[in-house]
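A short reminder: the numbers here are calculations on the coordinates, not readings from a lab. Given the structure is predicted, the values throughout are model-derived calculations rather than measurements. Neighbour counts run over all protein chains shown; Cβ positions are idealised from the backbone, glycine included.
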Ligand SMILES: Cc1ncc(COP(=O)(O)O)c(C=O)c1O
Ligand SMILES: Cc1ncc(COP(=O)(O)O)c(C=O)c1O
């Protein structure tokens, strides 16, 4: 039964969109907000405190990906990080070549940055992954040309949760001297990230996907060899000249604390989410006529993306009001676009739009999962009953 | 006597660098942080609340400059706003011409963006204002060429407080179809801003200069005629496509509240600051061998920039530890640069570096001003006594 | 665009209650269906007539909330109409339901199914 | 770089106390000055000698905290040195005061003034 959002208790299973702020993160932000009333680049005591807080956060962010602290550049979010990596990396290496390779299933920030580069005269190859969402390293190798300067592939897909084999993909690039950028916004805190093992040049991170605040992110930039990046903005020369602008200590402190918590708790929490996700999928699979999107096992533990036969996606979403999930239906995004990711995986439009992405987070419980499955069962039953046979 | 920063009570007169967060702003940020646990672009209740909060803030920011709400684009700060206006405006109008005009006394964000454009093949003319810091509209007119697409002039100079006659300068540009960008980061909340009267295309604003949080700003973009801007970053298409990326509701709520307070209190507060500044200058002038930098009357009420004869700037700053002010000395900034602004106004290097910028804010009191002057008198007396006659 | 803003109260109610939804068969009943494969929208009408007049109308629908609501309004409007003049003003329904332009195309599926069903009344066996 | 980090405790103390700063004149005293106009650094030495040995040294200085501290250390070191061998190791002082490279150039002003003053001892009237 579709009810009003006010009456039915809400269940938040949209942690891939954004995660609730952790109370400890909130406390860290407040402490920084109250202590650091100064400008981090100015020469006085509050400025010094802000700078110290920022450097501590830098170390905390770096630790999650096992990187040195001075390889972390703070940004306003993964969107900016993606752009700094892709626009900055492509423009900064323009003289070496003007060809980029990425995937059709990347985040909009990556795809739109690539498109902007095409308007600047770059050529962009967008590979299509297999139906399971995985990119074959051989397919990547075949796409590289002597003019290729940068490859961008995400670690965890934000719609399906599919985990790419970045190390294998990066090895292909490394052999050809091609920069590798990895959007790890969905990966941080959900799957282990080790820059040493991945051997990539640039990694985008976001705070608000890890129970940190919206509006702050980071770009990992390899120290040696250091990729040449053209900044997106200038003035002040902060962050090694790569990202000018006053640093927001409270935002950065929040990101630092969020990453610290994620590092401390990573393995246990991943296992817990994995358990919840498996339970959810088992319950949904039992409803019949449902398809799991993306690879069955090579997936992050927090995302379960399911297509439902025999119902309209938008109707399903309205039917489930109060269950906060993402939908493949056109109405679900401001952009008004059906899921281009599911379509790239070969799902027919009708099935792609009748898809729901359930995504779990630190505050998701077994009860949430049971309740969500119960509501989906009821909604699906009603809508399927309404449809012609 | 120079003492340790811990022992002497601190006096904060560096509000042009950053302003202490207003408690009401802090409360607004917390409310948004706690209420808007959702992604502003997603389709569920917390997202809707965040979006409403953001739109209310947009209206509050717009109100301070008497602009329509939909002309406000939120950014990560005035540095980004300056870059979006200058890089975006120049690149977006590349086909019309590749010449820009600005001033040697602009903020680093403007100057560095101009320099980046030079590397992209643009020509940039940097005009030198008169010794009083004012730019003559005739000098601007003479610098314009048929290839000029954009002029960037700040409303209030961040070092001297000099207020340009933007309306007169803009009129010169308007007649030639040249876009006008105004960095008003220091102006907001200190001098009235009326986009209708100024008749400019782009205005940069920052929250943390108006007792709001660091890390959020805005760019006013005229509605009609709408200037063509190339975005700095892509993906998601937020802010009318000009600034993609998840919107940080708590940051924007903070900026909205800061601007609301500034609008509500503007005139009275400006008059109060003006009174404090005049008192400060009277006290300092009485010390002898002091020079006010910038125009005597066409100035913002919050900045008093003074050069001191017969002392070294760095020594003066250390002598005054605990009095938090900005200095023209090389040691004062991370960049290690002496004040290029004062040098552009013709101050000899030795005098430029022996300069202090006192800047007032909402929490500055008459007692602060008296105490500051007393400390300066003592420090100046000791240092002058130490020097050869 | 949120769920709350995307659907009027009437759309929400009609979608929730789906009055007269379902199937029916027997003497005087005909049934016909139309499909739009891209969005997967499917509508099946069940109409009953007596003396050249539609006396009952049921629908089965797989479609978006606007489509369900439009079918419900159409079903109510059909009752009492003569078979030969059973025209439903879907433009008016779209307006009443404040359906966005992108949605109005789907109402053709309702209309197509309706036409197909009405043709069955005209068949020689009737 | 904050004030706290930019200056060692010793620089801060010497700057604050400026031991032996000031002027002096009279029998046995000479004085000379050097200037560096770009930064406005000025140093004036006042030296007193007896029997070819420096017995007292005072300085007046307009300069940065490192310059004041270096002059103070130089003044202390000068006492007891023979005029002909009154060499001060400013490189060692710079290191001891942890003066950044940009600052070391200013110590030449101290040295120039010192040389000028020492020359006055050698003058025929001495
Ligand atoms: C994979 C991926 N990349 C980038 C982003 C953008 O991150 P942010 O919201 O921090 O700009 C997101 C979040 O929407 C994401 O899921
Ligand atoms: C005139 C002016 N423009 C731009 C900026 C940069 O502002 P933000 O710190 O918000 O990037 C400042 C502050 O330093 C400023 O004073």
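Note on chain B: helix-only mean residue ellipticity at 222 nm, from DSSP H runs of 4+ residues weighted -39500 (n - 2.57) and normalised by residue number, equals -13000 deg cm²/dmol. Over the Cα atoms of segment A:212-296, each weighted equally, I'd like the Debye log10 I(q)/I(0) at q = 0.20 Å⁻¹, rounded to two decimals. Taken in order of the listed q values, log10 I(q)/I(0) reads -1.00. Roughly speaking, what is the centre-to-centre gap between segment C:46-105 and segment D:3-48 when only Cα atoms are used, to the nearest Å? A separation of 97 Å, based on Cα centres.
Computed from the alpha carbon atoms alone, the convex hull of segment B:23-261 holds 108 Å³ per residue. Across the identical copies, the label point of residue A:128 (7 Å from Cα in the Cβ direction) is separated from its matches by 6.3 nm, in order from shortest.
The protection proxy used here, the mean number of other Cβ atoms lying within 10 Å of each residue, ranks peptides A:247-260, B:148-161, D:106-119 as follows, highest first: A:247-260, B:148-161, D:106-119. Helices in chain C, meaning DSSP H runs of at least 4 residues, each add -39500 (n - 2.57). Divided by all residues, the mean residue ellipticity at 222 nm is -13500 deg cm²/dmol. Other protein chain C-beta atoms within 10 Å of residue C-beta, averaged over B:379-387: 4. Label-to-label distances for residue D:120 across copies, nearest first, come out at 12.1 nm, using points 7 Å from Cα in the beta-carbon direction.
Set the Cα radius of gyration of segment B:237-389 against 2.2 N^0.38 Å, with N its number of residues, and you get 1.26. Divided by 2.2 N^0.38 Å, where N counts the residues, the Cα radius of gyration of chain D comes to 1.03. Beta bridges per DSSP, both residues in the protein assembly as shown: antiparallel share near 70 percent.
For B:374, D:55, the sequence from fewest to most other C-beta atoms within 10 Å is B:374, D:55.
In angstrom, the C-alpha Rg and Dmax of the protein assembly as shown are 34.9, 144. Per residue of peptide B:369-378, the mean number of Cβ atoms on other chains within 10 Å of the residue Cβ is 0. Between 0 and 90 degrees, the angle of helix B:108-119 with respect to the longest Cα principal axis of chain B falls at about 60 degrees. For residue A:23, the point set 7 Å out from Cα toward Cβ sits 2.5 nm from its twins in the other copies, listed from shortest up. DSSP finds beta bridges in segment A:23-261, and of those with both partners inside it, around 40 percent are antiparallel. Counting Cβ atoms of other protein chains within 10 Å of each residue's Cβ and taking the mean over peptide D:7-16 gives 3. The listed peptides A:176-185, B:181-190, ordered by packing as a protection proxy, come out as B:181-190, A:176-185 (highest mean of other Cβ atoms within 10 Å first). Let a ≥ b ≥ c be the square roots of the eigenvalues of the Cα gyration tensor of segment B:146-266; is it rounded (a/c under 1.5), or, if not, prolate (a/b larger than b/c) or oblate? Judged from the Cα gyration tensor, segment B:146-266 comes out oblate (a/c at least 1.5, b/c at or above a/b).
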